[in-house]
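A.B. asks: I have a structure here, written as structure tokens, and I will follow up with some questions on it.
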Amino acid sequence: MSLRCLFKRGAKLPKLIAGVDDAGRGPIIGPLIIAGVLINDDQIPLLKSLRVKDSKQLSPQRREKLAEEIKKIAIKYEIIELSPAEIDKVVLTGKKLYKLNLLEAKAMAEVIKKLKPETAYVDASDTVAERFGSQIKEMLPFSLTIVSEHKADVTYPVVSAASILAKVRRDEIVAKLREKYGDFGSGYMADPKTKVFLVNWIKQHGSYPDFVRKSWKPAAKIIAEAEDKQSRL
């Protein structure tokens, strides 16, 4: 007997859906994480019962707890880590935002390829959400529906779930970096502590470690300023 025969006539079969999101797109320190979560659409109420939301709206402790619950609910989940070196490689060859968007689209396509959903909801990185979705779809070897929207992590619980897994994984990596290299703040250049850390690092070592995105303009500016000061001595 086929699986479909087990359902009442006219009943809706569960549909495989995936949510995909990133964490760490903007900071100068640490990796960019892409995470995807696969569920049946009839499991959406379970995610809602957990009160999942955009990971940035949750405390670290709450994110960690939710991540464990999401992993129990998910049929499958996938996480890809894009190192600063990988980011630098693409950004230095062209326009930063354009190249970074393509890198993210490729990583999201890889996640979706592994999850094999019927519909994938993605949090669009491109200013044109539809274009971002089309880029992902073109990279996939099978047909599916791509729903690409801005703030999808707020609209769709399955994307919120992916957002949480991505953020928790990045936090784990950043915490290990802090343990090894000291407190560098948030990792964003707007954070004075991050800037001081990088300036001091260049003073002591002359070049950046592999956990810094060298292609970010502020990184180059710090080196230029250090070289200028040195030349005046």
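Just so you know, all these numbers are worked out from the coordinates, no wet-lab data involved. Treat the numbers as computed from the prediction; the structure is a model and nothing was measured. Positions of Cβ are generated from backbone atoms using ideal geometry, with glycine treated the same way; all protein chains shown enter the neighbour counts.
A.B. asks: Provide the per-residue ³J(HN,Hα) series for segment 46-52, in order, calculated from phi with Karplus coefficients 6.51, -1.76, 1.60 and θ = phi - 60°, each as a whole number of Hz, with x at glycine and proline positions.
C.D. replies: Residue by residue, segment 46-52 yields 5, 5, 5, 5, 7, 6, 5 Hz.
A.B. asks: In nm, to one decimal, how far is the Lys116 label point from the Ala226 one, both placed 7 Å along Cα→Cβ?
C.D. replies: Inter-label distance under the simple model: 4.9 nm.
A.B. asks: Between Arg62 and Gln204, take the C-beta separation as r, use R0 = 30 Å, and let me know the FRET efficiency to the nearest 0.05.
C.D. replies: The value I calculate is 0.20.
A.B. asks: Let me make sure I get this right: for the chain, a, b and c are the square roots of the gyration tensor eigenvalues over alpha carbons, sorted descending. Under 1.5 in a/c it's rounded, otherwise prolate if a/b > b/c, else oblate. Which is it?
C.D. replies: Cα axes put the chain in the prolate bin.
A.B. asks: Still on this structure, please answer the following. What is the helix-to-structure angle for 157-181, meaning the angle in degrees between its Cα long axis and the longest Cα principal axis of the chain, kept from 0 to 90 and rounded to the nearest 10?
C.D. replies: 30 degrees
A.B. asks: By average Cβ neighbour count within 10 Å, what is the ranking of 158-169, 65-76, 30-41, 216-227 from highest down?
C.D. replies: For the peptides 158-169, 65-76, 30-41, 216-227, the packing ranking is 158-169, 30-41, 65-76, 216-227.
A.B. asks: Give the angle, between 0 and 90 degrees and rounded to the nearest 10, that separates the Cα long axis of helix 96-115 from the longest principal axis of the Cα atoms of the chain.
C.D. replies: It is inclined by approximately 40 degrees.
A.B. asks: With a point put 7 Å past each Cα toward its Cβ, work out how far Tyr188 is from Arg25 in nm, to one decimal.
C.D. replies: Each label point is offset 7 Å from its Cα along the Cβ direction, giving 1.3 nm.
A.B. asks: Provide Thr194, Thr127, Thr145 in ascending order of the number of other Cβ atoms located within 10 Å of each residue's Cβ, fewest first.
C.D. replies: Thr127, Thr145, Thr194
A.B. asks: Excluding Phe211 itself, calculate the net charge of residues whose Cβ lies under 11 Å from the Cβ of Phe211, where each Lys or Arg counts +1 and each Asp or Glu counts -1.
C.D. replies: Local net charge: +4.
A.B. asks: Would you please give the FRET efficiency between Glu138 and Leu92, computed as 1/(1 + (r/R0)^6) with r the Cβ-Cβ distance and R0 = 41 Å, to the nearest 0.05?
C.D. replies: 0.95
A.B. asks: Run the reach check for Lys203 against aspartates and glutamates, Cα to Cα strictly under 16 Å, same-chain hits fewer than 8 apart removed. What comes back?
C.D. replies: Within the straight-line cut-off, Lys203 pairs with Glu225, Glu227, Asp228.
A.B. asks: Under 1.5 on a/c is rounded, so check that first for segment 183-232, then, if it is not, pick prolate when a/b is larger than b/c and oblate when it is not; a ≥ b ≥ c are the square roots of the alpha carbon gyration tensor eigenvalues.
C.D. replies: Taking the square roots of the gyration eigenvalues as a ≥ b ≥ c, segment 183-232 is prolate.
A.B. asks: If you add up the charges near Leu177, with Lys and Arg at +1 and Asp and Glu at -1, over every other residue whose beta carbon is less than 12 angstrom from its beta carbon, what do you get?
C.D. replies: Around Leu177, the charge tally is -1.
A.B. asks: Something else now. Can you sort Ser143, Ser83, Ser148 so the residue with the fewest Cβ neighbours within 10 Å comes first?
C.D. replies: The most exposed by this proxy come first: Ser143, Ser83, Ser148.
A.B. asks: Would you pull out the residues with amide H under 5 Å of Tyr121's amide H, same chain only if 5 or more places away, H placed 1.01 Å from N?
C.D. replies: Those qualifying (amide H under 5 Å, at least 5 residues apart or on another chain) are Ala18, Gly19, Val20, Val147.
A.B. asks: Ok, one more. Among residues other than Lys151 whose Cβ falls under 10 Å from its Cβ, what is the net charge (Lys/Arg +1, Asp/Glu -1)?
C.D. replies: For residues surrounding Lys151, the net value is -4.
A.B. asks: Using 27 Å as the Cα-Cα cut-off, could you pick out the over-long pairs in Lys71/Lys106; Lys76/Lys217; Lys65/Lys114; Lys99/Lys151?
C.D. replies: Over 27 Å apart, Cα to Cα: Lys76/Lys217.
A.B. asks: Determine ³J(HN,Hα), in whole Hz, for all residues of segment 144-151 in sequence, where each value follows from phi through the Karplus function 6.51 cos²θ - 1.76 cosθ + 1.60 and θ = phi - 60°; x replaces Gly and Pro.
C.D. replies: The phi angles translate into 6, 9, 10, 10, 10, 9, 6, 6 Hz.
A.B. asks: Which value in nm describes the separation of the simple spin-label points at Lys180 and Glu130, placed 7 Å from the Cα toward the beta carbon?
C.D. replies: Roughly 4.5 nm, to one decimal.
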